[in-house]
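The values are calculated or read from the model by the stated rules, or taken from the named source; none is laboratory data. These numbers were taken from a predicted model, which means no experiment stands behind them. FYI the Cβ positions are ideal-geometry reconstructions off the backbone, even for glycines, and counts take in every protein chain you see.
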Amino acid sequence: MTEPGPALSRAAFDRAAHRRKDPEWLAAAWAGGKLLVVDEERRAVVGDDGLLLVPTGDRPPAGYFLGLDDDGAAVFAAVGELPRALGARPATVRDVGALLPARDAGLLVAAIALANWHATHPRCPRCGDLTDVVDGGWVRRCPADGSDHFPRTDPAVIVLVHDGGDRCLLGRQPSWPPGRYSTLAGFVEPGESLEHAVVREVEEESGVVVDDVVYRGSQPWPFPASLMLGFEARAVGGSLGTGDDELEDVAWFGRDELRSGRPLLPPPASIAHWLITGWLDRTAVG
Ligand SMILES: [Zn+2]
């Protein structure tokens, strides 16, 4: 049986990217389209059946083209005041990412990632002019020099370190709820391979040297613009200790300990949760 993917990578909706450069099609699609609204805190409205998508109706065209729904309707995203609906409530990806239907989880992270990029990249990095939003929200174009700028995604590695047996290495940041530990993670630096980033980050954060770096899976994490690339790696040396300022503790935990509820794990929407539980399940069989 294929192992289910991380919560936010369960399904890909149809992005219909070839439509982005067709303003006439986009205008017509808007008229019969659906809108996903996220607010400044990047919350969306969620009901029993998933995300609340509202008809675009006679609103003036505004928003980013996410893609096509299962029924062929165009889905757009916009930042604004959240719509109200009976039995629905504002929620964050962290709260509901693992509970949403697969399509909705994909739509929501795409909407948030785009909203975050537009909010922080209004100007041309070449000349400083304000740029125009084109191609359904997937490009910002500079009116002064004609340069195009695309949404950025920052790769970060996240790694479950194990000892080849029953133990895995987890750390905690001071800002987390008491008792919570998670896998080690960090951004990939320019000029660095993913495998090198894994080895470097683990050693920087824990003092542990790893080898046997194996890729497990990825998921978007738009806070603000990360793509988390999940790995497992085996400890082969070094000496345990927090090596930088990010973590206040790092420690080995046995699988029995983890199954008994200690420590607290990160939320189910995170790829860290998926890495840890996936490792636990497989070692249980072996
Ligand atoms: Zn420019």
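Taking strands (runs of 3 or more DSSP E) as the structural unit, those lying wholly within region 168-286 and holding at least 3 residues that are more than 30 Å from Leu107 (Cα to Cα) correspond to 208-221, 226-238, 249-254.
Does Ala7 satisfy the condition of being among the aliphatic types (A, V, I, L, M) and either out of contact with any strand residue (DSSP E or B) (no Cβ under 8 Å at 6 or more places or on another chain) or without any contact (Cβ under 8 Å) to a residue 40 or more places away in the chain (or both)? So that I can check it myself, show each step before the final result.
Numbers: among the aliphatic types (A, V, I, L, M): yes; either out of contact with any strand residue (DSSP E or B) (no Cβ under 8 Å at 6 or more places or on another chain) or without any contact (Cβ under 8 Å) to a residue 40 or more places away in the chain (or both): no.
So Ala7 fails the test.
So which of Val157, Val161 is part of a strand (DSSP E or B), under 20 Å from Trp221 (Cα atoms) and either β-branched (Val, Ile, Thr) or within 14 Å of the ligand (Cβ to nearest atom) (or both)?
Val157
Every condition in (1) touching an Asp or Glu at 6+ places or on another chain (Cβ under 6 Å); (2) within 16 Å of Leu184 (Cβ to Cβ) holds for Trp221 except the one numbered (1).
Taking the listed residues Phe187, Phe253, the one that is at pLDDT 95 or above, in contact with a Cys (Cβ under 8 Å, 6 or more places away or on another chain) and more than 27 Å from Leu100 (Cα to Cα) is Phe253, with no other qualifying. Would you be able to say whether some residue in region 193-202 is closer than 26 Å to Glu40 by Cβ and either surrounded by fewer than 19 Cβ atoms within 10 Å (Cβ to Cβ) or polar (S, T, N, Q) (or both)? Checking region 193-202: not a single residue is closer than 26 Å to Glu40 by Cβ and either surrounded by fewer than 19 Cβ atoms within 10 Å (Cβ to Cβ) or polar (S, T, N, Q) (or both). Of all residues in region 138-154, those satisfying the criterion of being farther than 21 Å from Leu35 by Cα and more than 13 Å from the ligand (Cβ to nearest atom) are Phe150, Arg152, Thr153, Asp154. Criterion applied to Val109, Val75, Val79, Val133 was being more than 19 Å from Phe13 (Cβ to Cβ), hydrophobic (A, V, I, L, M, F, W, C) and crowded, with 18+ Cβ neighbours inside 10 Å, and the one residue passing it is Val79.
Summed over region 116-137, residues that are aliphatic (A, V, I, L, M), within 21 Å of Asp22 (Cα to Cα) and more than 16 Å from the ligand (Cβ to nearest atom) total 0.
Residues in region 51-72 that are modelled with pLDDT of 95 or more and in contact with a helix residue (DSSP H, G or I) (Cβ under 9 Å, 6 or more places away or on another chain): Leu51, Leu53, Tyr64, Phe65, Leu66, Gly67, Leu68.
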